[in-house]
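The block underneath contains the structure these notes are about, expressed in structure tokens.
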Amino acid sequence: MSEVSSSTSASVLPDEIETIPVSDVAATMGIPVTRVHQLVRDGQLLSFKKDGTAVIPAAFLVDAEVVKGLPGTITVLRDGGYSDPDILRWLFQADETLPGAPIDALVEGRHREIKRRAQAMAF
């Protein structure tokens, strides 16, 4: 639930997606590493293993805060039966109807539209 296994990390996100080690996320947010792990367990963030290190996509943070709408989107998709690797792939997959990827729309503040799309996919 909290971390995607390292055996699948190669196919979770393309290498060009910038990621940040969990320890650096903690430093950026000014919180203990254990709190970042709690955020992952609670569905506020998603992490996965990359080269043996737990990482979080850099796009999940803006100004040292979790992107608005990300936790709700994760919750809706998890409740709909989506696995964390599937959620990660969906968030970063380009969608010409947005345009861009769902994570880009969240960063731009269009979280309601993304949550509606996630609800439609999940149910």
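None of the figures in this text is laboratory data; all of them are computed from the coordinates on show. In this text the structure is predicted, and so the values were computed from the model without any measurement. FYI the Cβ positions are ideal-geometry reconstructions off the backbone, even for glycines, and counts take in every protein chain you see.
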>> Amide H of Ile20 versus every other amide H placed in the peptide plane: which residues, excluding those fewer than 5 positions away on the same chain, fall under 5 Å?
In response: Ile56, Ala58
> Once both axes come from the Cα atoms, what is the angle between helix 111-122 and the longest principal axis of the chain, in degrees from 0 to 90, rounded to 10?
Replying inline: 80
> Taking θ as phi - 60°, what are the ³J(HN,Hα) couplings along the stretch 28-38 by the Karplus curve (6.51, -1.76, 1.60), each to the nearest whole Hz, with x for Gly and Pro?
Replying inline: 4, 7, x, 10, x, 4, 4, 5, 5, 4, 5
> Ordered by residue, what ³J(HN,Hα) values in Hz, to whole numbers, does the stretch 52-59 give under the Karplus form 6.51 cos²θ - 1.76 cosθ + 1.60, where θ = phi - 60° and Gly and Pro are x?
Replying inline: x, 10, 6, 10, 10, x, 4, 5
>> If neighbour count is taken as other Cβ atoms inside 10 Å, put Glu96, Glu65 in order from fewest to most.
In response: Glu96, Glu65
> Relative to the first principal axis of the alpha-carbon coordinates of the chain, what is the inclination of helix 70-79, with its axis defined by its Cα atoms, in degrees from 0 to 90 and to the nearest 10?
Replying inline: 70
>> Among Thr19, Thr97, Thr73, which one shows the highest mean-square fluctuation when the chain is modelled as a Gaussian network with alpha-carbon springs under 10 Å?
In response: Thr97
>> Around Met29, under 13 Å between beta carbons, what's the net of Lys plus Arg minus Asp minus Glu among the other residues?
In response: -2
> Whose amide H sits under 5 Å from the amide H of Lys50, counting only residues 5 or more places off or on another chain, with H placed in the peptide plane?
Replying inline: Val55
>> I want the local charge near Leu106. Using Cβ-Cβ distances under 13 Å, sum +1 for each Lys or Arg and -1 for each Asp or Glu among the other residues.
In response: +1
> Along the charge dipole of the stretch 25-123, which of Ala58, Gln119, Pro102 sits closest to the positive end, that is, farthest toward it, with unit charges on the beta carbon of Lys, Arg, Asp and Glu (+1, +1, -1, -1)?
Replying inline: Gln119
>> So if I place +1 on the C-beta of Lys and Arg and -1 on the C-beta of Asp and Glu, and nothing else carries charge, what would the dipole magnitude of the stretch 3-122 be about its Cα centre? I want it in debye, nearest 20.
In response: 440
> In µm²/s, what is D for the chain at 10 °C and 1.306 mPa s, where D = kT/(6 pi eta Rh) by Stokes-Einstein and Rh is the Kirkwood radius from Cα pairs?
Replying inline: 110
